[in-house]
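Read through the structure below, which is laid out as structure tokens, and then see the notes.
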Amino acid sequence: MIEVRGLTRKVGSRAVLDDVSFTAPAGRITGVLGSPGAGKSALVHLAVGLDRPDSGQVLLNGLPFEQHRTPARVAGAMLSTSTAYPYNTARRHLQTIATNLGLPRERVDEVAHDLGLHVTIENRVNQLSFGHRRRLALASALLADPDALILDDPTRGLETPDRLAVEQILRSFAEQGGSVLMTSRSRTEIGLADHILVLDNARIRPSWPSTKKAPGQATSAEVTADSATRNRRAARPSSATITSSSSPRPRDHRSPLPAAAPLRTASVTASRSPRPTSVSYSAPLKPAASPGSTDAPAFDPSPLEQLILTPSAATNASQHSNSDIEHRGGAWSRRARVTGPSLPLESFDNSSLPDPLREKVAA
Amino acid sequence: MSATTARPAPYHARLTFAHIVQAEWLKLFALHATRWILIGAVIINLAVSLLVFITTRNSQGDGIGADIIAPTEPATLAALATQGCVQLGQVVLAVLAVLCITHEYATGTIHSTFVTVPRRSAVLAAKAIVLIVCGFVVMAVSEALACLAGFFILDGTAVSTDLFTTESIRLLGGGIVVVLAVMLLALAFGAITRSTAVGVGVITLITFLPPALISLFAAEGASAEGPSPLVRALCYTPGGAGGAVLLQENMTDVLSPAGGILVLLGWVVVFGALAFIVTRLRRL
């Protein structure tokens, strides 16, 4: 668990972070959304001891990062800038970190394989694509199998396949009970998070940015989506079973990826105080049929399911393979595991959703 | 990406100082420059030593240039070899020491290093150990090769080629100590300035320039009371103190060899402590 308590950091007279407090619980992805200069990178640097706060502290499992005996086991960090020597091979970069931590060569191979880096691991860092450099940074963070991940804009500038891959890894990590704190400047990219905080002008903003607040009405700073909802995008294409999981599971292996991502029901909940409004959708999902299967299960998706899973129109998902990812109508869809008819995007009426969720869904 | 199945955790990450030293060794040799600098240092040391031997032989015999080279006092092979190996070699190795830390700041790898090892003083200490090992090996190899060449070149001259006297061993050892001290000083300057250009510039200035200035001003300012205050001051720079260790002319008038080593160590301690403090407190 990551606890940020009254964190303040000033550069000269300007506050980069001003009395920021929040908690990133285990088993969930906490997103910090903010425009450039809002203090996101400062928050990450302070969390991993690269910077010192003027007041307040960041506690990881109850202690500041640098006070742990082997801090890399407590939290892995991925910074927004490249931290690998450009003329090193990817393997050598990972090996150096592994050596620092007393980890064997096999662990490097394992993490590289899990993150899809095994093909390019002998390439120099400056020969890697941007997406693979980000994967390398994530691999560095995951080497010691930490309890938490602290990531500065992990999906910024990534092509969609790379972005989906990183999202999948983070989702899997959280599902295994890990705590993820990620920052982003993009609402689309922060949509991965279960719990979104908005950082604006060095402070956690008291409302979702575009929420039109009625005079005198306070709104919650949080937009929460059940983690299970996100699983559909993060789940492994090869998995055949979708099971329900809304609470963190104990982490039972060292891989950043699970054998299968769980989901049986999906729900999205948004709340706004002082008058809580809750909208919830549930859709029973059944196991997808393998290609060529004769007993393809029926699926009766809710409108939200249709929107998230198959935003493209006129697609019969049952006719496609489980690992398909396609781009249609300006949106990406992963037709994985879910079979059955789909509806066009336009058919989904989201007017009943509260503002924050509507924006999130639209993104 | 590929699927992985559930399996027990076979790995246990543990941060120890030995691991940090190992990682720093890997990082140093990941640098393109490292191998070239180490090989170059040996070649340069050997080349300068050969030049010193040939000059000495000519000045004491009837070889080419003997008529224009003033005969010098009979020296020892150890003194000549040390002089040849230290003069340029210390600057070359100092460049490596500066690079060892400044390249991390330049490429951003320092973030990765300090996230993995938040105890920054341990990182700096590990770098110092790795540099000491490299510097010691380079200097030992250089001096051994130089002495080997000196046996043949200086054979038949008045130069003593006995390497097993106390004085010879002290000189050869002193040469290595001087170079290692300069390397540690260079590492400290690199850590403080974070700039390769500034670090190399400063270390060159304080090691290379003082001996030349001492030679220049020694004759002019000398009086019955001894060297001038300027020369005395210059003798307390790393370059001057190193010269005293190597028994160079003018510098031994102010500092004894042991005093020279103490002055050098003083510089290393002061700037090393400063580097530790700055590195530890620095906000990245």
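Throughout, read-outs are computed from the coordinates displayed, never taken from laboratory work. These numbers were taken from a predicted model, which means no experiment stands behind them. Because the Cβ atoms are built from the backbone with ideal geometry, glycine has one as well, and the counts that use them run over all protein chains shown.
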**Report entry** Per residue Cα convex hull volume in Å³ - calculated over the stretch A:2-205
**Finding:** 110
Report task. At 7 Å along the Cα-to-beta-carbon direction for both B:Phe164 and B:Asp253, put a label point, then send me their distance in nm to one decimal. Result -> 3.8
Query - Counted charge near A:Pro86, where neighbours are those whose Cβ lies closer than 10 Å (Asp, Glu -1; Lys, Arg +1) - result: +2
Report task. Give, in whole angstrom and from largest to smallest, the semi-axes √(5λ) of the equivalent ellipsoid of chain B, with λ running over the eigenvalues of the Cα gyration tensor. Result -> 41, 23, 15
Query raised in the report: With each label point set 7 Å from Cα along the Cα-Cβ vector, what nm distance links B:Ser228 and A:Ser186?
Result: 6.8
Query - Distance between the stretch B:141-220 and the stretch A:73-134 - C-alpha centres, whole angstrom - result: 40
Report summary line: Least to most buried among B:His12, A:His113, by other C-beta atoms within 10 Å and fewest first, runs B:His12, A:His113
Report summary line: Ordered by fewest other Cβ atoms within 10 Å, a rough proxy for footprinting exposure, A:Arg14, A:Arg52, A:Arg134, A:Arg163 read A:Arg14, A:Arg52, A:Arg163, A:Arg134
Query - Karplus-derived HN-Hα couplings along the stretch A:6-11 (A = 6.51, B = -1.76, C = 1.60, θ = phi - 60°), whole Hz, x at Gly and Pro - result: x, 6, 10, 9, 10, 10
**Report entry** Cβ-derived FRET efficiency at R0 35 Å, B:Asp155 paired with B:Leu209, nearest 0.05
**Finding:** 0.45
Query raised in the report: How much length is gained if the chain between A:Arg52 and A:Met1 is pulled fully straight, taking 0.36 nm per residue apart and subtracting their Cα-Cα distance, in nm to one decimal?
Result: 16.4 nm
Query - Per-selection Rg to Rh, the stretch B:135-284 - Cα, Kirkwood hydrodynamic radius - result: 1.04
Query - FRET efficiency, A:Asn61 to B:Leu281 (Cβ-Cβ, R0 25 Å, nearest 0.05) - result: 0.50
Report task. Give me the distance in nm between label points sitting 7 Å out from Cα along the Cα-to-Cβ direction at B:Ala197 and B:Ile43, one decimal. Result -> 2.7
Report summary line: Among the stretch B:154-184, those whose backbone N falls under 20 Å of a label point 7 Å along Cα→Cβ from B:Leu50 are B:154-157
Report task. Quick one: dipole size for chain B, taken about the Cα centre, charges +1 on Lys/Arg Cβ and -1 on Asp/Glu Cβ, in debye to the nearest 20. Result -> 1960
Report summary line: Taking A:Asp109, A:Asp153, A:Asp147 and counting other beta carbon atoms within 10 angstrom, the fewest-first order is A:Asp109, A:Asp147, A:Asp153
**Report entry** Whole-number percent relative contact order across chain B, with pairs defined as alpha carbons under 8 Å at least 6 apart
**Finding:** 21
Query raised in the report: Going by alpha carbons, how many degrees (0 to 90, nearest 10) lie between the helix axis of B:89-107 and the longest principal axis of chain B?
Result: 20
